[in-house]
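The values are calculated or read from the model by the stated rules, or taken from the named source; none is laboratory data. Predicted, not measured: the structure shown is a model, and the values here were computed from it. Every residue, glycine as well, gets a Cβ built from its backbone with ideal geometry; the counts of neighbours run over all protein chains shown. Each accessible area value is taken on the protein alone, full model and side chains, heavy atoms only, with ligands, DNA and RNA left out. Shrake-Rupley method; radii C 1.70, N 1.55, O 1.52, S 1.80 Å.
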Amino acid sequence: MKKYLILLLILLLAGTYIINNSRNTVRLAGTHLSFETADIEGNPVSSEELFSRHAITMLNIWATWCGPCVSELPELTKVNEELAKMDGAVVGLLNDGPGQTNVEAGRQILAENNIRYLNILSTEAIDAVLKPQAYPMTIFVNREGIIIGETLLGTTFQDKIVAYYTEAAARALK
């Protein structure tokens, strides 16, 4: 029985390592991201205006049905504070699928977690370029709207989220 528990623990740890260290198979770096959409409150947003505000924008693709996405939201507020020191910002991209039927649920989740950074809605055009493969999925975009650095799939351990994203942003800026 003890052997089975140890084997199960090893398999769980290996699976967690693979999930936390997986990399995107689609190469997005160098892709120009251009779109028109709305924020979660319905206000128009253009990628050109959005990305020109900062040297780096961390675009965090999340969904209301994704537990890891929702659980990392409060930590992303701290990431946003750290990125501000690099002339950067976090922008959430709510991607609940066609029709965005859960926008109200997204608003509620953001309110419950006191999330103040900008959250925008995905569109078919955005999905066609980003081709989300996992949730959360995070990319970094420079002032010109070019995706830079690595694409991050999934999240990491709760106590390491701030370092995980800020270190990836710093690498992308190099």
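What is the residue count in the range 38-50 for residues that are closer than 13 Å to Thr123 by Cβ, touching a residue at least 24 places away in the same chain (Cβ under 8 Å) and out of contact with any Pro (no Cβ under 8 Å at 6 or more places or on another chain)?
Residues flagged as closer than 13 Å to Thr123 by Cβ, touching a residue at least 24 places away in the same chain (Cβ under 8 Å) and out of contact with any Pro (no Cβ under 8 Å at 6 or more places or on another chain) within the range 38-50 amount to 3.
Output the qualifying pairs, or none if there are none: Cβ atoms under 9 angstrom, residues six or more apart or on different chains, first residue in the range 58-70 and within 9 Å of Met137 (Cβ to Cβ), second residue small (Gly, Ala, Ser) and part of a helix (DSSP H, G or I).
Trp62/Gly106
Quick check on my filter: what residues within the range 122-153 are in contact with a helix residue (DSSP H, G or I) (Cβ under 6 Å, 6 or more places away or on another chain), open to solvent by 40 Å² or more (accessible area, probe 1.4 Å) and not basic (Lys, Arg)?
Tyr135
Can you work out which of the residues in the range 90-121 that are surrounded by 21 or more Cβ atoms within 10 Å (Cβ to Cβ) and of a type in the set (Gly, Ala, Ser) is nearest to Val79 (Cα to Cα)?
The extreme case among them is Gly92.
Those residues that are modelled with pLDDT of 90 or more, within 17 Å of Val129 (Cα to Cα) and surrounded by fewer than 10 Cβ atoms within 10 Å (Cβ to Cβ), I need them from the range 7-49; list them, please. Outline the logic, then answer.
Here is the first cut: in the range 7-49, the residues modelled with pLDDT of 90 or more are 28-49.
From what's left, within 17 Å of Val129 (Cα to Cα): 28-37, 46-48.
If the condition is that a residue be modelled with pLDDT of 90 or more, within 17 Å of Val129 (Cα to Cα) and surrounded by fewer than 10 Cβ atoms within 10 Å (Cβ to Cβ), then Gly30 is the only one that fits.
Of the conditions (1) open to solvent by 50 Å² or more (accessible area, probe 1.4 Å); (2) modelled with pLDDT under 95; (3) among the hydroxyl-bearing types (Ser, Thr, Tyr), Ser52 fails just one. Which one is it?
All conditions pass for Ser52, except number (2).
Which of the residues belonging to the range 78-89 are open to solvent by 10 Å² or more (accessible area, probe 1.4 Å) and not charged (D, E, K, R)?
The first filter runs over the range 78-89 and keeps only residues open to solvent by 10 Å² or more (accessible area, probe 1.4 Å), leaving 78, 80-82, 84-87, 89.
Hits for the range 78-89 are Asn80, Ala84, Met86, Ala89.
On the basis of being in contact (Cβ under 8 Å) with a residue 60 or more places away in the chain, surrounded by 15 or more Cβ atoms within 10 Å (Cβ to Cβ) and in a helix (DSSP H, G or I), does Glu75 make the cut?
yes
For the range 111-129, which positions are out of contact with any strand residue (DSSP E or B) (no Cβ under 8 Å at 6 or more places or on another chain) and either more than 16 Å from Glu48 (Cα to Cα) or acidic (Asp, Glu) (or both)?
Ala111, Glu112, Asn113, Asn114, Arg116, Glu124, Asp127, Ala128
Here's the yes/no breakdown for (1) modelled with pLDDT of 95 or more; (2) of a type in the set (Asp, Glu); (3) assigned to a helix (DSSP H, G or I):
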| site | (1), (2), (3) |
| --- | --- |
| Ile109 | yes, no, yes |
| Arg116 | no, no, no |
| Val129 | no, no, yes |
| Pro132 | no, no, no |
| Val141 | yes, no, no |
| Glu150 | no, yes, no |
| Asp159 | no, yes, yes |
| Val162 | no, no, yes |
| Ala172 | no, no, yes |
